[in-house]
Structures are given as C-alpha cells and as structure tokens.
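What follows is a short report on a single structure.
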Amino acid sequence: MGLRDRLPADRGPVRRDLRQFPRADARQGDARRHPALPQPSARTERRCHLRLRRHDPVERRAARPHRLRRSCRPRPGRRSRTCARSGRAHPAPARQAQASGRGRAQRRRARSIAGSGGSGCNRCRRRRFRFQRPSRSRCTSRGAGTITRSARSEARPVYIVDGNRTPFIKARGKPGPFSPADLAVQCGRPLLMRQPFAPDAFDEVILGCANQVAGEMNVARVAALRMGCGDEMPAHTVHRNCGSGMQSLDEAYRYIAHGDMELVLAGGTEALSRAPLILSDEATAWLAKFQGAKTAGDRAKALRKFNLAYLSPEIGLKQGLTDPISGLAMGQTAEEVAHRFGISRWQADEYAMESHRRLARAQEEGWLDNEVEPMFAPDGTVYDHDDGVRPDNNMEQLGKLKPVFEKYGNVTAGNSSQITDGACWIILASEEAVEKHGLTPLAKIVDSDWAALAPEIMGLGPTVSATPLLKRGELSLGDIDVWELNEAFAAQVLGCLAAWEDPGFCRDVLGLDGALGAVDREKLNIDGGAVSLGHPVGTSGTRIVLHLVNALRRTGGKRGIATECIGGGQGGAMLVEAL
C-alpha cells in the first residue's frame, strides 16, 4: 500500500494527492513527524543507517534525542573511551581488533584527533555529518552550491550587462538549417562585437543544451572556440532539461557572487529539429548481425531476416519528452495539472490565443528589435523574426483541433508550446568587471531557487520554486512588476495561477498560512510566451530572463521573476531587479 493510499480520504482530491510533500515549516524548526508516515519498527529504531534512509534525519533528531549505535554503547566489564568533541563514552576496541594493524591505526587516529582538539573521533564525526544535513522542503532550493541566507547577504552583486537571442525557428518536419553550435555562434558573434572588451576576457563560457548532437559534444566549448574566445577559454555545457538555460545563468551568478569569477558568458542553445532518429532494439540487433557477417552467405542469411518495421525508427524527441519515472509525456502531465485544478479546454485555448496576439503586437511595435539578432542560413535565407506566431487565430479554429495526449483531454497543438530551434546569450559581470570595462548594467540578479516535486505534476514547478523567492525577499505577488512564466502548455500556466489561489495547496505544499493570491494577468508574459514563440528546451530559461530584463526597463518596472517548469518534476526561478 503506497503513501497516497494511507492519506485521509476527507480532503479534496488536489490536496490529498499533494500531501506527500513535507511542509515547508519543517525547515524552520517545526520538525514534527508527518502523520502520514509509517511508524518505525523497533529494529529500525536500533539501526542508524536504516533510520537515515527511511526518515528525514533532522525531523528524527528533533523528535527524539539521538542514541548511540549499539556498537557505541559501553558494555559491562569493558573500558570506555571519551570522544574529544561529543563527550560520549565509546567502548575500547575488541581484543582481536587490538591485535591487528587496523585496530592500532584506528586507535592512533582517535588519539591524534583528541590530542589536537579536532572534531572528535571518526564515529562521532560521521554521525555528526549525517545528522546535521539540512532538511529541504519541496519549495526550497535544492541546487548544489546554494547560497544560504547569511551568505546571500554577504555575496557580491551580480549584474546583467547585455544579451541577445536568435529568432526562434519552428521545426517543420525536417532538420533545420542550424545545429546547436551554429545557433550559439550566430547569436554570440554580434553580441561580442559590440562589447568594449575582447572575447577572451571572460572567465568562463557556460551553455545550456538538452539535446546535444553527436558531432558537437560539449557544445559550449565548440561555440566558444568558433566565436573567437581563444584556446585558453574554459567552457562547459549544463543540462537540466527545460531549465538548462537558466541553470547556466545560475551557475554564472553563483560563481561571481562567491568571488570566483568576474565576467561570464552564459546562455542556452537548442536545435530540436535535429533530434536523432532511434532504431528499435530489434533493428539494431539485426544491423549488428548484418555488419558482422563475414561471407556472402552470412549476409544473405541476415537479409532474409530483415523486417520492414526496421525502417520505422522512433523520433528521439518523443523519448526525451517522456518522463521515465512516471511514464507520462509532458503533455500528459499538463493534462494532470488541468484535471486537478479544473482548467477547461476553453480557458486553455483562450490563453493560447492571447499569447499569439501579445507576441504579434510586440513584433509590430518593435519591442523585440534590441533582443533578436537575425541569422543567415548557408543557402542565403535570412531569419529575422520568430516565425511561429499566428495572430489570426480565433477560438473557432483552436476548437477544431483534437487533443493530442488524451482522447477527451484539453491539451492540443494549438495551446501547447511549439517545437523550435534557437539560442540566447547573456553577459554577467561583477561590480569590479563593470568598472574595469566601463559597462552599463541593465539589471541585477537578486536571488534564484530550484525545487522539485512529483514528475507527474511537473507543470507546477514554478509554484514551488518562485514562492521561496517571495518568502526570502518578504515580497507579495503585488510587489512583482513583471512575470515571465514559461508557457510549456497553456493549461500548465493556468494551473500554476490556480494553485497560488488555492488555500489547501498553499498550506500543505508551500507551507503558507493561506492562499498566496492572484497574479495580475496584465503583468504575466506581457509579450507572449512559448505557446506563440516556441520552446527550444535548452534555451528558454535564458530567454525568459533576458526578456524579463527588457520588459522591466521598457515598462518602468523594478522587480520581476522568471520561472519555469522542468521535465522530470522540477522548477526554477530567478528574481531580477532592473537598474
């Protein structure tokens, strides 16, 4: 019987299913054991490593004082030795251990630690590290290198000084004209040419990419060399599915904030149209046998076993957009979110239509001119705008589209993000680098957060990653002037908005006292989003941060949050202040 089957049945369907997540106030000191967790057995109580594996260590330590392991308890008739740090009495080693070299080495190590005023014996040191790992709620940062509250106040400011992106080109059933490296280079060269410093002045180049092609492994290094950053320029590629582009920014932000670097080029690139075709296991086995045939007779024998089904490979993108844990496609997770919060087909189509209209208006007004750099294909074709926008869409046309993932579902091709190719770069600098090169900062990165939740409801990732930013900054929804919430699916965006208005969700999942409130739609994705623009997976995280900065400066806003859901059950968010 699973954990969900043990939950109380008198709660609403959304709250009941989401009660599997621990309360956020557990990390604030309220470390009470969740009532839905099974009570540990006596054997579990005695075994320290099983207790660590099955229950949260901080909650366990707060619920009951720590007891020594059975091997650490003094036994009658045996001498005990006191640990230098903890003051606990540990038994002397057994006779057989004393007679061995291993026992002598352990005793020498314990005596040296005790004599030098160290952190205690090995046994206590291991226990201390195990039990002092901080517990993490689902709406708190889970990324490596997280800046704590005290360290955040002492961190150096990190500025966004410039950035641009390519047009997002819609995939049209065939490989596009640009590889991931081509996109990154065509985007990066104009950006570097207008800077007052040389391309080799960066400390690091970081690029997000979720679908690297075989000929461009570590595409960040390939792009850095092609852009003229020099042979000595270190570069690495990051991959966090839909959050890859934001992950590159977050790494650069933390490198600079911690004082490790001064100037970093970070971004994302993706060519989804060049996703590989994958042969089935049967076709691969046949091909291996055919290639291994040494004689004409063996090849003829292998040819007789050929099946025409081997000529129908699967698109790799389909596997990439399917969660391996839950077995659900990304669109099915959006259906799950829509079902839980009662999002209708009409609402999803209406949101999608508005996204196209907002993007078309931004293109007509020239609001994207300083953000989008044209690209030139090898055949001379010029790409100077996002070509997936459909401003003439209406509800009647959208209503004729059939659901893609569920027979009676709400997610269609018209209210989902488009499969596109594109790249985006942002230059981040410290205060010293700004003064050294005479740069003009556009905005400052204030905070960032990563969070995780169940893969089947990954679309709610923005709620569990953006809420901690508001809590740490003591901000309300009204304090945010512009929201960039990546539109993976229209139903998913509407589900996030509904979740913030749901008291049960905010109380049980986000650890709030009640509903967070309603997001002003006039501040949300004011120039459209991925439904009309496209969603090159490794690029979108960088794009929404760059456009957030430009939108804040255009509208006169001060604060903005860029956030996105991430396949596999994660969410990322970044708080930015315009200068």
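Quick look at the values:
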item: Entries in 318/523; 170/318; 471/558 that, when Cα-Cα distance is taken, lie over 25 Å; result: 318/523
item: Where 356, 339 fall by accessible area, highest first, once all protein chains stay in place (1.4 Å); result: 339, 356
item: Net charge contributed by nearby residues that have their C-beta within less than 13 Å of residue 540 (K/R +1, D/E -1); result: -3
item: At R0 = 45 Å, FRET efficiency that the Cβ-Cβ distance of residue 156 and residue 318 yields, to 0.05; result: 0.55
item: Average accessible surface area per residue within the stretch 403-464, 1.4 Å rolling probe, Å²; result: 31
item: Residues of the stretch 306-321 with amide N under 13 Å of the 7 Å Cα→Cβ point at residue 293; result: 306-307
item: Difference of contour (0.36 nm per residue) and Cα-Cα distance, residue 310 to residue 364; result: 14.7 nm
item: Accessible surface of residue 434 - all protein chains present, 1.4 Å probe, nearest 10 Å²; result: 20
item: Stretchable slack from residue 522 to residue 431, in nm (0.36 nm times residue separation minus alpha-carbon distance); result: 29.4 nm
item: Inter-part distance where the stretch 256-274 and the stretch 208-222 are each reduced to a Cα centre, Å; result: 13
item: Sum of side-chain charges, residue 573 neighbourhood, beta-carbon under 9 Å (Lys, Arg +1; Asp, Glu -1); result: -3
item: Which of 548, 287 is most accessible, then next, and so on - probe 1.4 Å; result: 287, 548
item: Extended-chain gain in nm, criterion 0.36 nm per residue less alpha-carbon gap, residue 172 and residue 475; result: 104.8 nm
item: Share of carbon and sulfur in the accessible heavy-atom surface of the stretch 196-253 [1.4 Å probe, %]; result: 48
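The values are calculated or read from the model by the stated rules, or taken from the named source; none is laboratory data. Just so it is clear, the structure is predicted and the values come from calculations on it, not from any experiment. Virtual Cβ from ideal backbone geometry, glycine too; neighbours counted across all protein chains shown. Each accessible area value is taken on the protein alone, full model and side chains, heavy atoms only, with ligands, DNA and RNA left out. Shrake-Rupley method; radii C 1.70, N 1.55, O 1.52, S 1.80 Å.
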